[in-house]
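These notes are about the structure you will find just below.
The values are calculated or read from the model by the stated rules, or taken from the named source; none is laboratory data. Quick caveat: nothing in here was measured; it's all calculated off a predicted structure. Here Cβ is always computed from backbone atoms with ideal geometry, including for glycine, and neighbour counts include all displayed protein chains.
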Amino acid sequence: MSDTRVEAAYAGALAAFKNPMLDLLHGRFAPFVVAVLSVTFTSERAAVPVVDAHAEIGDMLDRLRATGHAEGESGEVMLPVGTARELCRQWVRAGWLLRQIEGEDEVYRLSAHAVGALEIAGRASGSRARVSESRVRTLLEAVERLALDADPDVLTRVARLTEEIAERRAEIAHLDRTGIVDTVDDDTLLEQAENILHLTRELPADFARVVESIRAMQRDVVTDLRQDVRPAGEVLREYLQRGKDVMASTPEGKAFAGALRMVGDPRRLDDLAANLHTVLRHRFTQAMGPPERAELAAVGRRIETGVAEVLAAQQTASHVITTQVRTHDPARDRQVDDLLRDVMVGFQAWMPSSRPAESVEPLRRLPVADLAHLRQSVGELRPPEPPAPLADWGDVESAVEDTKAWGGPGYRAIEAHLDAYVAARAGEPVDVAEVFAAAPEEIRRPVDLLGLLEIAHRRGMDETGEISTIEAVRADGVRRRFAFGGVRMKADGEGNDVE
């Protein structure tokens, strides 16, 4: 039984030491890597442009070599060989740095493994975590809160709330009776502040793990889309939904979504800033070093920065997945894959026979097609047979009249009817609905009503405020009833002829 436990523990240890975080701490030049990364990347500077990072790390490497840190006391090599560019490339391959495009710049970011390694190194080199009242109280309160959330018993919850109310009332009564707040000594306050710093130092690694989990999910989605092994409809439904619910697609994302509900409230962040300001004004913070005070003051900013990075990664992943789904072209992707494969085959054939620093002649123009022979005569342009004769329309005049019957308003006939109707009224105002109702069926189509209203508008009309109804007759004899706002037209109005 003990042999099995030892083998399982050894297998677990081997797997753990393959983790990039432990690989960084266990590496030969771990002190140099930890020092350089901790100086280059800070909470206020999470992303560093690639060019700036190479320059800064190169300056650090030159300074350490110039000050005699290249060799240890026993003569062992303490600094790596190579330029800053080469070292950064090695760190990217090892999984300690992430190389990304942000806007128009290419930047480096610490991976979650590197952030965790820096936190472990920082805690080991700083003050040792102590078993204190603050740390134990944090543990007990967390366990108590877990038990309350896990136990759905109503009586237990009521009893606990009643006990808390009694404690608060007793404290209020004591303050009202004495008017004195029990003070806490500076040592206790100092260890409480250290406990807060201990908790906040784990936040960057947690945020980085969420960001990398989202990006890994993004890469998996894009890879599956490019493989094109499933129907397009199924891919669209599944991955568009994953793009919308990217935060709920990973365990880290779900945990962050729960934490975001707490820190997403602006009032909580405002209260946090006010509380930190109160703490930093207290005299016990003078016993803390400047780095610790600055770290304590930056707790709120560190939370806001981490949340912003996660939300930005979520937005980018959603955009990339949606764009890939919309623009996915399997044929084009296969062409690109074939082209890249041909390039790799060409490199593999050229590299064994090439020499170091050998120049390569660039392709200055595209090759010209070698055409053996062009046709010197064109084909017969005339068709082999004449076109078929036009169909006989028969009675053209009836077809034209039928087309006119379904056309626009007959303005001339409408105006002639309107003039006759107005003349019969002897200068009295006329109702447009009555004029239309008195017209013959040939000009009582729905479209002729629009023509009559247009003519009345040009001649001058007044709205009556009533609703008028008329019956129109379509060209096929179907009758339709229409309602419109009643209007009257002056009998002496003059209109313009409409062609």
Any residue that is in a strand (DSSP E or B) and either within 28 Å of the chain's Cα centre (by Cα) or at pLDDT 80 or above (or both) - is there at least one of those in region 53-65?
no
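For region 9-25, which residues satisfy the criterion of being surrounded by fewer than 16 Cβ atoms within 10 Å (Cβ to Cβ) and at pLDDT 75 or above?
So in region 9-25, the residues surrounded by fewer than 16 Cβ atoms within 10 Å (Cβ to Cβ) come out as 9-19.
The answer is Ala11, and nothing else.
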Working only within region 140-185, note down all residues that are small (Gly, Ala, Ser) and under 30 Å from Ala287 (Cβ atoms).
Ala142, Gly179
Going through region 76-108 one residue at a time, which ones are among the basic types (Lys, Arg) and closer than 20 Å to Phe29 by Cα?
Arg85, Arg89, Arg93
For region 447-459, how many residues are out of contact with any strand residue (DSSP E or B) (no Cβ under 7 Å at 6 or more places or on another chain) and touching a residue at least 24 places away in the same chain (Cβ under 8 Å)?
9
Starting from region 470-490, take each residue that is on the phi > 0 side of the Ramachandran plot and outside the structural domain of Pro440 (by TED's automatic domain parsing) and list its partners that are in a strand (DSSP E or B) and among the aromatic types (Phe, Trp, Tyr), counting only C-beta distances under 9 angstrom and pairs at least six apart or across chains.
none
Filter result for Asp337 (over 30 Å from Glu102 (Cβ atoms) and of a type outside the set (S, T, N, Q)):
no
So Leu225, is it hydrophobic (A, V, I, L, M, F, W, C), assigned to a helix (DSSP H, G or I) and over 30 Å from His319 (Cβ atoms)
no
Scan region 396-446 for residues that are in contact (Cβ under 8 Å) with a residue 40 or more places away in the chain, surrounded by fewer than 18 Cβ atoms within 10 Å (Cβ to Cβ) and assigned to a helix (DSSP H, G or I) and jot them down.
Asp402, Ala405, Arg412
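Of the residues in region 26-52, how many are of a type in the set (Ser, Thr, Tyr) and at pLDDT below 80?
2
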May I ask you to verify whether Asp338 is among the charged types (D, E, K, R), touching a residue at least 40 places away in the same chain (Cβ under 8 Å) and either over 30 Å from Leu260 (Cα atoms) or touching a Lys or Arg at 6+ places or on another chain (Cβ under 9 Å) (or both)?
no
